Amino acid sequence: MSLKLARADRRAAWMFMAPMLIAMLVVAVWPLARTFYFSFTDAYLDDPTNYSLIGFDNYLEVIGDRTWWIAVRNTLTFTVVSVAIETVLGLGIALLINQAIPGRGLVRAAILVPWAIPVVVATKMWEWMLNDQFGVLNQVLISMGLIDHGIAWTANGSLIMGVVIFIDVWMTTPFMVLLILAGLQMIPGEIMEAAEVDGIPAWKRFWSIVLPLLKPAIGVAVLFRVLDALRMFDLAYVLAASSEQVMTASIYARNRLISFQELGIGSAASTWVFLLVAFVAILIIGVLRLDRAAGEAA
Amino acid sequence: MSLKKLALGASMLLALAAGTARADTVSVFCGATDYDLCVKAADAWKAKTGNEAKINKMPAQLDDAIPLYQQLLAAKSSDVDVLFLDVIWLGMFKNNLLDIKAMVPQAEQDAHFKSTLGAGDINGQLIAMPAYMDVGLMFYRKDLLEKYGMQPPKTWDELATQAKEIQDKERAAGSKDMWGYTWQAKSYEGLTCDAIELIASNGGGTIIADDGKVTIDNPAAAEAIEKAKGWIGTISPEGVLGYDEEASRAVFEAGNSVFHRNWPYVWGTSQGGGGPIVGKVGMMPLPVGKVGEKSSGCLGPMYFGVNKYSAKPELAAEFVRFITGPDMQKMRAIEGAYNPSISALYTDPDVLAKLPFLKDTQPAFADSATRPSGYTGTSYNRVSQAFYRAVHDMLTGDEDVKAGLAKLSARLDKLKESR
């Protein structure tokens, strides 16, 4: 009887899962499989029905291209620097607004605003604020007497990566804050009170209690941000199109696929991006022991 | 009321109803910079035929329309019937554009410049009709040149000297934000145009010759790029390295630039809307590098073509005929300073009254700088991107000009072949 029931349960479970599985097949598995398949062909975008299989040539073509490695270097620089800054800032701000300060609710809502603005809009907005002739930032610097002519923030090869990282930090620190704040609120108040009663100094409480308990939350937040940053496209593309100074791996793939119409090579580049992201994700999960930490916390 | 009159009235009503029933709508893509002129053309079409043309604005940076078109055409969508096309895209989209040869009378086709029409006539199929010749032009502050007693410059060196002098004097007189010359040197298709103009007018050729030989590695080209590099930070703000058409136009139209290189549409935008430079702008063909060379405005004829998957191909072709026809090209020339692709308009008194230099540009079209999309075909984007990136690196100083040109030349040898 119970066996029968279990079987019926399982059947019901599959039936409830079916719509989701079908949706996943259609919107995720199918396009992914198609991209993967095309990466082994010499197809072109203007006539994708006409192609032949050419093995791993496209993959070799991509890793033999100097521009690809520039794009990978840019992507990694961007990811490491921006996520590091966002984590530190996010932790700091989360600790601040976790305190019972007056108007806390308002501050929490306000801090989310940059994250709610679409990337393209935010980037365009910053582009104008950083404009060398009309930008508000240069106006402020000039009126303070620090410079006498506007700095071309987005034209200067040595500044533009910094600008991209800055805008990303501005935009996604709220996301970090939110996730870390959620982690902070999971820490039982009694532990902190007990530590306080025992006369443990604040920095020690932070270092030995808060930080270890926050580790899973920070780990998940970092993982999300890293995966997001590794496939970053919009910000750099809006600011500098396909300029090599901030070209990311995703922009490289789009460039080959759309601008050059090379469906095969573009698909191979996309697959490399996918492998890169997957590799880094596994690395982070392994290093931070996220799978186990999550288990412990639960 | 007699029965006869009643019948007449009824039949008239019927005819009217039939007329409205026949009136139809086509959907059209138009460039962001000539949107107003397209709307005007659509209004004229409606007045003439009763049919409506719905104008859709394209992205400000024209190349961003490529993925849009690709999605639309790959899905065989009939949402937009008429597509606005850059000459360098024709090879890319040729399989998705309708052959309209039979729908456009031969005389109408022959009215256009032969080579311009020819670019839209691929393998005996007419896939697009020329709408106008976009060509790089020099805009300048007439009032400032007069103030300092100068004539419009003939060579790039003269331009640089004048720009420097006016810029310095204007700054001393209190216009602290004044610059001598604004142009486009962002790493994008526009830089290919700006650079090819400088190089060709200096006798340095057009990157790849018609027979496919890569010609870019030559002393005249190096000299032209060195010259432009010297402008940045002196007469041009460092920001030009990140400017596209619109960003540089903003500086000029704010009154902060003496000279400005752009496409003809700036004539319209700088004179409308009550900006600070209304009535103070002059326009001329681009200067030359050396005396005896030809002014080499980058030539980009623009086209209209019919989406192969359109549900109303006849009507769409009808609209293409109308908007590329003589009346609309004349309207564009007079109101927006667009150079027509119909040769007869170059002797039209109304057009010449507005654009006196057109008389000289017609013969010059044969010599003007054409981007090497003819030879490179489907590889054009690769070639152009390799070129503008290399030039951008030279202008920023990340790459030595002579060594950079040699490297570029070797790269282009590999990239140039169409498939």
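The values are calculated or read from the model by the stated rules, or taken from the named source; none is laboratory data. Just so you know, these numbers come straight off a predicted model, no measurement behind them. Cβ atoms come from the backbone with ideal geometry, glycine included; neighbour counts cover every protein chain shown.
The set of residues from the range B:140-179 being within 30 Å of B:Tyr388 (Cβ to Cβ) and outside any helix (DSSP H, G or I) comprises B:Tyr140, B:Arg141, B:Pro152, B:Pro153, B:Lys154, B:Thr155, B:Asp177, B:Met178, B:Trp179. Specify the residue that is farthest from the other protein chains (Cβ to nearest Cβ); the eligible residues are those in the range B:86-95 that are of a type in the set (A, V, I, L, M, F, W, C) and in contact (Cβ under 8 Å) with a residue 24 or more places away in the chain. Result: B:Val87. Counted as qualifying within the range B:13-102 are the strands (runs of 3 or more DSSP E) with 1 or more residues that are of a type in the set (S, T, N, Q) and either at pLDDT 95 or above or more than 27 Å from B:Ala369 (Cβ to Cβ) (or both), namely B:25-30, B:52-57.
Checked against (1) closer than 28 Å to B:Asn381 by Cα; (2) buried (at least 21 other Cβ atoms within 10 Å of the Cβ), B:Gln167 passes all but condition (1). Within the range B:398-410, residues that are within 16 Å of B:Ile199 (Cβ to Cβ) have Cβ atoms under 7 Å from residues that are of a type outside the set (D, E, K, R) and part of a loop (DSSP other than H, G, I, E, B) in these pairs: B:Leu405/B:Ile216; B:Leu408/B:Ile216; B:Ser409/B:Ile216, counting only partners at least 6 apart in sequence or on another chain. Identify the residue in the range B:161-203 that is without any contact (Cβ under 8 Å) to a residue 24 or more places away in the chain and not aliphatic (A, V, I, L, M) and, among all such residues, is nearest to B:Ala228 (Cα to Cα). Among those residues, the one meeting the criterion is B:Thr161.
Residue under question is A:Leu223, and the condition is that it be within 17 Å of the chain's Cα centre (by Cα), buried (at least 22 other Cβ atoms within 10 Å of the Cβ) and away from chain B (no Cβ under 13 Å); does it hold? No; evaluated as a whole, the condition is false for this residue.
Taking the range B:66-85, which residues are within 11 Å of chain A (Cβ to nearest Cβ) and touching a helix residue (DSSP H, G or I) at 6+ places or on another chain (Cβ under 9 Å)? Scanning the range B:66-85 gives B:Ile66, B:Pro67, B:Tyr69, B:Gln70, B:Leu73, B:Ala74. Taking into account only those residues within the range A:139-160 that are in contact with a Phe, Trp or Tyr (Cβ under 8 Å, 6 or more places away or on another chain) and not β-branched (Val, Ile, Thr), which is nearest to the other protein chains (Cβ to nearest Cβ)? It comes out as A:Ala155. Note on the range A:33-57: among residues that are more than 12 Å from chain B (Cβ to nearest Cβ) and among the hydrophobic types (A, V, I, L, M, F, W, C), the one that is farthest from B:Ala386 (Cα to Cα) is A:Ala33. Kindly indicate whether any position in the range B:180-193 is within 25 Å of B:Ala333 (Cα to Cα), in a loop (DSSP other than H, G, I, E, B) and at pLDDT 90 or above. Yes, that holds for at least one residue.
Each row is one residue, and each column tells you yes or no for (1) assigned to a loop (DSSP other than H, G, I, E, B); (2) of a type in the set (Gly, Ala, Ser); (3) without any contact (Cβ under 8 Å) to a residue 60 or more places away in the chain; (4) crowded, with 23+ Cβ neighbours inside 10 Å.
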{"residue": "A:Thr154", "(1), (2), (3), (4)": "yes, no, no, yes"}
{"residue": "A:Gly157", "(1), (2), (3), (4)": "yes, yes, no, no"}
{"residue": "A:Gly162", "(1), (2), (3), (4)": "no, yes, yes, no"}
{"residue": "A:Phe166", "(1), (2), (3), (4)": "no, no, yes, no"}
{"residue": "A:Ala182", "(1), (2), (3), (4)": "no, yes, yes, no"}
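What are the residues in the range A:237-250 that are within 12 Å of chain B (Cβ to nearest Cβ), touching a residue at least 40 places away in the same chain (Cβ under 8 Å) and in a helix (DSSP H, G or I), if any?
Hits for the range A:237-250 are A:Val238, A:Leu239, A:Ala240.
For the range A:184-205, a residue qualifies if it is within 27 Å of A:Val81 (Cβ to Cβ) and surrounded by 14 or more Cβ atoms within 10 Å (Cβ to Cβ), and exactly one does: A:Leu184.
I'd like to check something: does the range B:189-196 contain any residue that is within 12 Å of another protein chain (Cβ to nearest Cβ) and of a type in the set (Asp, Glu)?
yes
Can you pull out every residue in the range B:194-213 that is of a type in the set (A, V, I, L, M, F, W, C) and assigned to a loop (DSSP other than H, G, I, E, B)? Within the range B:194-213, B:Ile207, B:Ala209 meet the criteria.
Filtering the range A:115-133 to residues that are more than 14 Å from every other protein chain (Cβ to nearest Cβ) and closer than 21 Å to A:Ala240 by Cα leaves A:Ile117, A:Pro118, A:Val119, A:Val121, A:Ala122, A:Met125.
Among the residues here, A:Ala194 does not qualify as of a type outside the set (Val, Ile, Thr), assigned to a helix (DSSP H, G or I) and within 20 Å of A:Leu112 (Cβ to Cβ).
Residues that are within 14 Å of chain B (Cβ to nearest Cβ), touching a residue at least 12 places away in the same chain (Cβ under 8 Å) and out of contact with any His (no Cβ under 8 Å at 6 or more places or on another chain) occur in the range A:58-67; there is at least one. When the range B:104-128 is filtered for residues that are in a helix (DSSP H, G or I) and either surrounded by fewer than 17 Cβ atoms within 10 Å (Cβ to Cβ) or not assigned by TED's automatic domain parsing to the domain that holds B:Phe322 (or both), the ones remaining, listed by number, are B:Gln106, B:Ala107, B:Glu108, B:Asp110, B:Lys114, B:Ser115, B:Gly118.
Quick one: which residue in B:Gly203, B:Gly190, B:Gly230, B:Gly212 is closer than 30 Å to A:Ile151 by Cβ, of a type outside the set (A, V, I, L, M), surrounded by fewer than 21 Cβ atoms within 10 Å (Cβ to Cβ) and in the same structural domain as B:Asn262 (by TED's automatic domain parsing)?
B:Gly230 is the lone residue from the list that is closer than 30 Å to A:Ile151 by Cβ, of a type outside the set (A, V, I, L, M), surrounded by fewer than 21 Cβ atoms within 10 Å (Cβ to Cβ) and in the same structural domain as B:Asn262 (by TED's automatic domain parsing).
Restricted to the range B:240-359, the set of helices (runs of 4 or more DSSP H) holding at least 1 residues that are among the aromatic types (Phe, Trp, Tyr), away from chain A (no Cβ under 14 Å) and in contact with a helix residue (DSSP H, G or I) (Cβ under 8 Å, 6 or more places away or on another chain) comprises B:265-271, B:313-323. Among the residues of the range A:238-250, those identified as surrounded by fewer than 23 Cβ atoms within 10 Å (Cβ to Cβ) and within 15 Å of A:Asp168 (Cβ to Cβ) are A:Val238, A:Leu239, A:Ser250.
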